[in-house]
Amino acid sequence: MARFAMLIDASRCTGCNACRIACQMQWQLPPARYYNRLEHNEKGTYPNTKWEITPIQCMHCDNPPCRDVCPTGATYKRTDGLVLIDGKKCIGCKYCMVACPYGVRQINDDGIPEKCRFCAEYIIEGKMPPCVSTCMNEVRIFGDLDDPESKISKLMARKAVYQLLPEKGTRPRIFYVRK
Amino acid sequence: MVKISRRTFLKASALAGLASSLPLIMNFGDFTKAAELLPVTRIPTMCNGCSSTCSKYVYIKNGRVWKVEGNPIDLKSSGRLCARGHGMAADVYGLGRVTQPMKRGDDNTFEPISWGQALEEIGDKLYKIIDEHGGNSVMWLGHGGKEHYASTFLDEIGSSNYVTHYATCFSSKTNVWDRMVGTTLNSDFDNANYMLFVGRNFAGGIIPGAMNRITKAKERGAKIVVVDPRYCELAIIADEWVPIRPGTDLAFFLGIAHTLISEKLFDRSFIANYVYGFEEFWSANKDFTADKAAEITGIPADKIREIARDMAHNAPKAFLDSGYHGLHAHYANSTQIAMLNVVVNALLGNMFKVGGLMPGASISLGHVETPLRETPEKGPRADGAGVEEEYPTVEPGRGIPQIVPDLIKKGRVKALFIYHYNPLRTAPDPEYQKGLKDAELVVSIPVDWNETSLHTAHYILPESYYLERTEPPKVVSGFIAHDNPQISLRRQAIKPVHNTLPLLDMLKGITAAAGYYNLYPFTVEDEIKASVKPLGISPHVLMETGCIEFPANVKPGFPIKDGKPAVNTFTGKIEFSIGAFKLYGSPGVATWVPPLVMPQGEDEFRLIHGKQPWHSHHITSNNPYLMAISDMYNGTWAWMNKGRAEKLGIKNGDLVTISSEKAVKTVNVKVTELLHPDCVWIPSAYGGFSERLKTAYQQGINYNDFIPARVEPLSGTVMGQEVVVKVSKGGIS
């Protein structure tokens with residue numbers, strides 16, 4: 001069984017937003033709806049400054065609070081690690097939106113709080129999510145942690161990584177390369 | 001000249017448009033349903049989100065564009081696309097497109113007309129103008145590209161007036177490199193150990209393949225230094241950001257050159273063997289030390305020396321990137337800046353060397369053979385580019401687009417064709433540019449209702465969108481060193497959504513209607529066939545792959561012929577001294593030239609601009625996807641240094657008024673530590689004022705509003721950042 005995850009090297013991100021729009025095209029989202037975003041952070045004072053950008057999307061947590069609060073079981077975790085939503089079961093209560101500490105859910109036209117799906121239908125065919133494949137700086141690495149030969153497994157073995165908001169106990173499947 | 005019946009041609013070229021009724025946006029449920037049922041086709045083509053024209057694949061579902069992906073063979077995309085590449089693909093269904101030919105009526109509104117009527121009327125008027133004023137009164141003003149269609153027409157009528165947008169963008173670079181090096185050279189990102197970028201933000205004016213190589217170079221330990229008044233996006237991945245007083249880059253380069261020479265760090269054998277005019281350069285700049293450069297630039301002298309020493313230490317696997325828009329059109333000393341770029345790289349001895357600057361691999365395409373035609377002698381260029389008494393050293397192949405309204409006023413231009421170009425928004429002083437309308441015939445050929453078409457065109461002939469047309473192949477080149485030549489091609493991916501035509505069909509119609517028989521006796525398919533004939537490949541292979549790479553034909557080493565240096569200059573060497581400049585009374589070598597203006601008062605700033613990573617030309621600011629990004633990240637805001645803002649009582653997000661002699665505009669301001677105190681920075685894409693482009697309309701401001709239409713005499717550029725603006729808190733009262 002696969003164990004899908006993503007490794008993000010935020011220090012390589014130069015904020016072009018290709019990831020956002022490639023995802024929007026893939027899933028035919030309207031312009032103002034997006035499944036990934038960039039958080040900008042300026043540090044220091046002129047001229048000793050830094051500009052840091054952190055890409056954020058659904059973390060596909062191993063302990064997803066959005067699933068735990070869902071009253072109908074619409075949000076579920078697939079055995080390969082993907083956190084998905086069954087639109088037929090969703091009653092639009094938005095508990096999941098409130099519970100997510102990363103703020104990644106957005107209501108779609110059918111009133112369902114959608115989010116990044118790790119391109120569920122594509123990755124099982126061995127394809128890369130467009131946010132990964134379009135990135136000129138190769139910020140994101142996507143793959144199977146159970147496959148020791150995968151690029152992500154090899155990189156994870158070499159690099160120090162961290163997760164966002166570890167104190168929330170969500171155990172995200174998105175890892176960030178420590179600077 | 002044989003005048004034939006126009007109607008015969010027009011009948012034969014009756015064309016129909018096809019409108020699609022499917023919505024672009026389906027909801028997620030619809031989409032997955034559709035995805036299950038519909039076959040997807042993948043068509044290779046070329047992007048037009050900017051001028052880099054990356055090769056990409058377009059995925060088509062149910063006859064509609066679904067998504068795009070970079071073509072991994074292509075040097076420019078390297079299989080990856082930026083936001084514009086994705087966004088502008090969706091724009092084929094955009095609401096700003098001109099959907100059929102238009103004619104301006106007496107009441108200044110546009111009336112839709114048929115292609116037959118449009119081409120016939122334009123041809124008729126053109127015939128009369130040429131008859132009365134001669135062919136040289138006709139001007140082709142374009143962004144640049146598809147030169148061969150335009151030049152066929154201009155040659156036939158005897159006009160020398162082919163004018164590009166380049167003087168608003170980078171002509172000091174091309175002018176200088178051609179004269180000093182005989183070609184342009186590209187940064188060898190793959191092999192360099194030290195990269196210096198000055199006023200060149202590859203992460204803003206993006207070439208995905210270049211950024212991919214730069215980040216990989218960093219990964220293997222190459223040092224990256226970015227010198228820029230703004231902490232630009234490229235600085236994010238650089239080892240160091242060195243802020244510089246805007247307008248003083250020339251002094252920085254002179255300081256680098258002085259350090260390299262005075263500390264004997266330069267490549268003496270390269271200079272001795274391959275450079276002409278070194279002594280002349282050095283005797284003119286002996287006194288321009290790093291300390292002097294430090295005074296002018298605000299960069300500490302030690303930092304300037306450190307950069308020079310580090311570069312010399314890493315040479316020849318070190319380069320100063322040759323740059324692009326940032327420094328090569330916007331200062332009174334842009335020509336000298338370009339000259340110093342050549343000087344610094346030559347001092348490093350990095351030219352034609354691995355890890356330094358290398359020529360791009362090229363390959364010769366074939367051409368359709370057409371019967372030889374007798375063409376009239378051409379008159380002098382209306383814009384004076386290359387004309388002895390006017391602008392003798394400006395490249396005639398590029399011209400001076402910003403002064404065309406004057407040329408109309410002077411009676412030099414009677415008929416104006418504006419192709420894929422929007423000078424009312426992308427050239428200085430839009431009010432002045434509105435004078436384009438006063439020509440006897442103004443035909444704009446856009447895809448959208450741009451400002452120029454709306455305010456000046458007598459006829460608007462909408463071109464098919466780039467995804468709706470097939471074009472002859474191009475050699476892939478520019479900015480990235482590569483040993484293997486590539487060609488790529490734009491291929492039609494969908495039927496035209498609206499009643500539009502490709503340029504070739506328009507020109508066939510107009511020229512026939514004006515009486516020029518069979519000027520383009522070929523089809524695009526004929527052109528593709530002829531293009532690839534010498535390469536030994538079939539057109540079919542290119543149509544199926546979109547991009548083809550050929551065996552390497554570039555080797556390092558200075559070009560030598562008969563034992564002598566043989567770059568394409570008078571001496572065959574790199575020329576530090578430009579003979580043509582001397583001939584017309586300017587110094588042959590570059591020395592310090594101060595900027596035209598300098599901000600002085602507490603409320604004064606130099607207004608500078610740059611590309612935002614998700615916008616390129618103004619046209620992208622009417623794209624709802626790209627503008628949604630602007631909305632989310634306050635992309636239209638002007639940037640101001642925090643210390644300066646505090647003195648003026650300005651806080652982040654405040655509305656401010658920015659004024660120059662030309663304009664007074666209001667905009668929100670981003671207060672930041674990421675900008676040099678002397679300037680205000682604005683992104684270049686905004687300031688739309690065409691009511692027909694609803695997404696772009698009145699979003700942000702544009703630097704062109706604040707500057708007059710001027711001409712830098714050596715290279716013809718606009719000097720777009722030679723402007724001091726006053727900034728005050730609050731909107732216009």
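Please treat every number below as a calculation from the coordinates, not as lab data. The structure displayed is predicted, hence computed values, not measured ones. A quick note on method: Cβ atoms are made from the backbone with ideal geometry, for glycine too, and the neighbour counts reach across all protein chains shown.
Compared with the direct C-alpha span, the chain from B:SER538 to B:ASP178 gains 126.2 nm at full extension, assuming 0.36 nm per residue. Placing unit charges on the Cβ atoms only, positive for Lys and Arg and negative for Asp and Glu, gives chain B a dipole magnitude near 1100 debye about its Cα centre. Couplings 3J(HN,Hα) of the range B:569-581, computed from phi: 10, 4, 8, x, 9, 5, 9, 6, 10, 9, x, 5, 5 Hz, in residue order, whole Hz [Karplus 6.51 cos²θ - 1.76 cosθ + 1.60, θ = phi - 60°; x for Gly and Pro]. Sparsely packed loop sites in the range B:198-300 (the GluC sites (Glu not before Pro) outside DSSP H, G, I, E and B with at most 15 other Cβ atoms within 10 Å) comprise B:GLU263. Per-residue ellipticity at 222 nm computed for chain A from its helices equals -4500 deg cm²/dmol, with DSSP H segments shorter than 4 residues left out and the rest contributing -39,500 (n - 2.57). Under a 5 Å amide H cut-off, with hydrogens placed 1.01 Å from N, B:GLU240 pairs with B:ILE224, B:VAL226 among residues at least 5 apart or on other chains. Put in line by how crowded their Cβ is, counting other Cβ atoms within 10 Å and starting with the fewest, B:THR523, A:THR134 read B:THR523, A:THR134.
Computed over neighbours whose Cβ is under 11 Å from that of B:GLU440, the net charge equals +2, Lys and Arg +1, Asp and Glu -1. Between B:LEU372 and B:VAL593, the simple label model (points 7 Å from Cα in the Cβ direction) yields a spacing of 4.2 nm. Per residue, chain B reaches -8000 deg cm²/dmol at 222 nm when only DSSP H runs of four or more residues are counted, each adding -39500 (n - 2.57).
Debye-formula intensities of chain A, expressed as log10 I(q)/I(0) at q = 0.09, 0.11, 0.20 Å⁻¹, are -0.32, -0.47, -1.54 (one equal scatterer per alpha-carbon, no solvent).
Can you list the trypsin sites (Lys or Arg not before Pro) in the range B:331-415 that are in a DSSP coil and have 16 or fewer other beta carbons within 10 angstrom?
Answer in residue order: B:ARG373, B:LYS378, B:LYS410.
Which of the three applies to the range B:171-358, rounded, prolate or oblate, going by the alpha-carbon gyration tensor with a ≥ b ≥ c and a/c under 1.5 meaning rounded? Don't jump to the answer; show the numbers that get you there.
Numbers: a/c = 1.33, a/b = 1.19, b/c = 1.12.
Judged from the Cα gyration tensor, the range B:171-358 comes out rounded (a/c under 1.5).
A cut-off of 5 Å between modelled amide H atoms, ignoring neighbours fewer than 5 places along the same chain, links B:ALA493 with B:GLU468, B:ARG469.
Cross-link partners of B:LYS103 among aspartates and glutamates, defined as those whose alpha carbon lies under 18 angstrom from its own and excluding same-chain residues fewer than eight positions apart: B:GLU111, B:GLU120, B:GLU121, B:ASP124, B:ASP438, B:GLU440, B:ASP448, B:GLU451, B:GLU463, B:GLU691.
Using a/c under 1.5 as the rounded threshold, could you call the range B:604-729 rounded, prolate or oblate? The axes a ≥ b ≥ c are square roots of the C-alpha gyration tensor eigenvalues, and prolate needs a/b larger than b/c, oblate otherwise. Walk me through the intermediate numbers first.
Numbers: a/c = 1.67, a/b = 1.05, b/c = 1.58.
Oblate, since a/c reaches 1.5 and b/c is not below a/b.
Legend: residue pairs A:LYS43/B:LYS662; B:LYS146/B:LYS173; B:LYS414/B:LYS508; A:LYS94/B:LYS642; A:LYS179/B:LYS665; B:LYS292/B:LYS317, Cα-Cα distance threshold 32 Å; pairs beyond threshold, A:LYS43/B:LYS662; A:LYS94/B:LYS642; A:LYS179/B:LYS665. For chain B, the longest principal axis of the alpha carbon atoms and the long axis of helix B:28-37 meet at an angle near 70°. Measuring from each cysteine beta-carbon in chain A, the ones with no other cysteine beta-carbon under 4.7 angstrom are A:CYS13, A:CYS16, A:CYS23, A:CYS61, A:CYS70, A:CYS90, A:CYS93, A:CYS100, A:CYS119, A:CYS135. Label point of B:GLU390 set 7 angstrom out along Cα-Cβ; within the range B:129-157, amide nitrogens under 15 Å from it belong to B:135-141.
Note: relative contact order over chain B, using C-alpha pairs below 8 Å and six or more positions apart, is 20 percent.
Are there GluC sites (Glu not before Pro) in the range B:629-733 that DSSP marks as loop and that have at most 11 other Cβ atoms within 10 Å, and which are they?
Values: sites: B:GLU646, B:GLU661, B:GLU673, B:GLU691, B:GLU722; in loops: B:GLU661, B:GLU673, B:GLU691, B:GLU722.
Listed in order of number, the matching sites are B:GLU661, B:GLU691.
The alpha carbon gyration tensor of chain B gives principal lengths a ≥ b ≥ c with a/c below 1.5, which makes the shape rounded.
A simple rule links phi to the HN-Hα coupling: the Karplus curve 6.51 cos²θ - 1.76 cosθ + 1.60 with θ = phi - 60°, which for the range B:265-277 gives 8, 7, 7, 5, 6, 4, 5, 5, 8, 10, 10, 10, x Hz, with x for Gly and Pro.
Under 13 Å from a point placed 7 Å out from the Cα of B:GLU525 along the Cα-to-Cβ direction: which residues of the range B:540-560 have their backbone N that close? What the label zone holds, given the 13 Å backbone N cut-off, is B:540. Using Cα pairs closer than 8 Å and at least 6 residues apart in sequence, work out the relative contact order for the range B:171-358, in percent. Here the relative contact order equals 33 percent. Taking every residue in B:198-207 and counting other chain Cβ atoms within 10 Å of its Cβ, the average works out to 2.
In summary, the aspartates and glutamates within cross-link reach of B:LYS303, defined as a Cα separation below 19 angstrom excluding same-chain residues under 8 places away, comprise B:ASP228, B:ASP239, B:GLU240, B:ASP249, B:GLU263, B:ASP287, B:ASP291, B:GLU295, B:ASP321.
I'd like the mean, over residues of A:33-41, of how many other protein chain beta carbons sit within 10 Å of each residue's own Cβ.
Working: counts 3, 4, 0, 0, 3, 3, 0, 2, 0.
Neighbouring Cβ atoms belonging to other protein chains average 2 per residue here.
Convex hull volume of the C-alpha atoms in the protein assembly as shown, normalised per residue: 177 Å³. Convex hull volume per residue, computed on the Cα atoms of the range A:24-123, equals 139 Å³.
Taking amide hydrogens as placed 1.01 Å from N in the peptide plane, the amide H of B:ASP74 sits under 5 Å from those of B:GLY79, each at least 5 positions away in sequence or on another chain. For a straight C-alpha distance cut-off of 12 angstrom, the aspartates and glutamates reachable from B:LYS67 (same-chain residues fewer than eight places away being disregarded) are B:ASP91. Here the label points at B:ASP302 and B:LYS651, each 7 Å from Cα along the C-beta direction, are separated by 3.9 nm in the simple model.
Among B:HIS367, B:HIS482, a tally of other beta-carbon atoms within 10 Å of each Cβ gives an order, fewest to most, of B:HIS367, B:HIS482. The ranking of A:TYR162, B:TYR633, B:TYR421, B:TYR520 by Cβ neighbour count inside 10 Å, starting from the fewest, reads A:TYR162, B:TYR633, B:TYR520, B:TYR421. Rounded to the nearest Hz, the phi-derived 3J(HN,Hα) couplings of the range B:589-602 under the Karplus curve 6.51 cos²θ - 1.76 cosθ + 1.60 (θ = phi - 60°) are 9, 7, 10, 5, 10, x, x, 5, 9, 9, x, 10, x, 5, where x marks glycine and proline.
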